Every structure is written in C-alpha cells, then in structure tokens.
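The values are calculated or read from the model by the stated rules, or taken from the named source; none is laboratory data. Nothing here was measured: the structure is a model prediction, and the numbers come from that model. All Cβ positions, glycine included, derive from the backbone under ideal geometry; neighbour counts span all protein chains shown.
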Amino acid sequence: MGLVKEIGKNESIRGALCWVAAQYIRLVWLTGRWEIVNGHIPAEYWDRGQPFILAFWHGRLLMMMKIWRGGMPIHMLISGHRDGKLIARTSAHFDIGSIEGSSSRGGAQALRTILKTLRGGNCIGITPDGPRGPRMHVSAGTINIARLSGCPIIPACYSSTSRRLLKSWDRFAVTFPFSRGVFTWGEPILVPKDLDEDGVEAMRLTVQKTMIAQAADADRRMGVVPVEPA
C-alpha cells in the first residue's frame, strides 16, 4: 500500500499513467464497433453553439471521452481528490478542460466558475453521483447548476458487449478492445429557475430515474446485465 501511495505522489509516474490510460481509450475506440443512438440531440446544440450540461454516471467515465464532438469546448467538473486529478490529466489528452469541485461539494468558487463557463457558451460535463456516490444517485447540486444557468441537462451513457465491472463503489466499467459498443443520448431536461426545495428534489428524482433507465437500456442493447443503483 505504501508503494501505491508513493506512486500516486510521483508527478512523472502519474503523468505516464494518464498517458497510458488515454492510449487505451483510443485503442478501445479504434478496435471497437460503436453505434450512436440519438446523436442528433447534441448535434443540434453543437451546431447552434448553445451550451448544455452533459450528465453521465461515474461508472461510465472511461469511454465518454469519445462521445464528444472534436473541437467543441467542454470542461469536466472533477473532484479535488487524487482520483479527480488523474481523470483531469487523462481528459486533457482529448482536449477536455476541467473545473475542480463537485456537484455537491464544490463550494461557491466552483459554482461561479461553472456558471461563468456555461454563460460563456461552453459546455460542462458532470457525473451527478461523483466523486464518492452513492452509485447512480443524482446530487441536488446538479439540479441547481441547471436551474441557475438556464442550460438543459442532456444525459448520456455507453455500454459494451465485452467489459469488466470493477468492485468499486461505482462499479466502474472497463471496456475491452475489439468490443461492440453503444453511446446513447437522452432528451434535454430543462430545470425551471423558480423551483423551491421540494421542486428541486422532484426534479432530482426525475433526472435520476431517467439516467438509471438510460443506463439499463444501453446495457440491454449490448446483451449485458444492467448495473443496479446503490
């Protein structure tokens, strides 16, 4: 365990690991057969230059780098923990920026940065159950970001025929090369600005239910057992 901690503290080793992770993602993408469902939904926003909030489960992070249209600016909301920093460095290999914070514990500064980014016409990527779960539970912070910004939440997911689910809190899905996979986009979800606390909770449950169903649909399309929420 001490060796693992020392490796995690070594900047050069961390950089090398993130580079290897990025190459693995590219290998899986290039050797796989990928289908995109409802790709017209984000395309309409991209073509108009209209920002939105990309939402996907933490356990489906690995291949989500490849769902995004190249050249379109996006910033991922990542935690300040070591894992979050590794995700940020890996994402940077795909020209994806990052904002440190979380949808539930990011603090006022992170929220201001997020809103400024969205109002500047750039998209934000969020894992609503990150950084520590519970798995497949949407945080109220995600809803409030959409409420305050006026930008829609567009959920996305992916699944594959050949994968391994890690025994982590999020059941992280590691897709293998030469797999068949699918990316799915959901309908935009608009959050009214005038919601009270009960309204935020109701919208949170709606988004959560929608994203759970989307993940189950993606898994069934690939013939694998759906991951259950915590």
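For segment 1-46, taking the residues that are modelled with pLDDT under 95 and not in a helix (DSSP H, G or I), the one that is surrounded by the fewest Cβ atoms within 10 Å (Cβ to Cβ) is identified as Met1. Filtered by the rule that a residue be in contact with a helix residue (DSSP H, G or I) (Cβ under 8 Å, 6 or more places away or on another chain), in contact (Cβ under 8 Å) with a residue 60 or more places away in the chain and of a type in the set (D, E, K, R), segment 147-179 gives Asp170, Arg171. When segment 169-182 is filtered for residues that are surrounded by fewer than 21 Cβ atoms within 10 Å (Cβ to Cβ) and of a type outside the set (Gly, Ala, Ser), the ones remaining, listed by number, are Trp169, Arg171, Phe172, Val174, Phe176, Pro177, Phe178, Arg180, Val182.
Give the residue that is farthest from the chain's Cα centre (by Cα), with candidates limited to residues of segment 104-151 that are basic (Lys, Arg) and assigned to a loop (DSSP other than H, G, I, E, B).
Taking segment 104-151 first, the residues basic (Lys, Arg) are 105, 112, 116, 119, 132, 135, 147.
From what's left, assigned to a loop (DSSP other than H, G, I, E, B): 105, 132, 135.
Numbers: Arg105: 17, Arg132: 14, Arg135: 13 Å.
Only one residue fits best here, namely Arg105.
Scanning segment 193-224 for residues that are part of a loop (DSSP other than H, G, I, E, B) and at pLDDT 95 or above returns Met222, Gly223, Val224. State yes or no: is Phe183 at pLDDT 95 or above, at negative phi and among the aromatic types (Phe, Trp, Tyr)? Yes: the conditions hold for Phe183.
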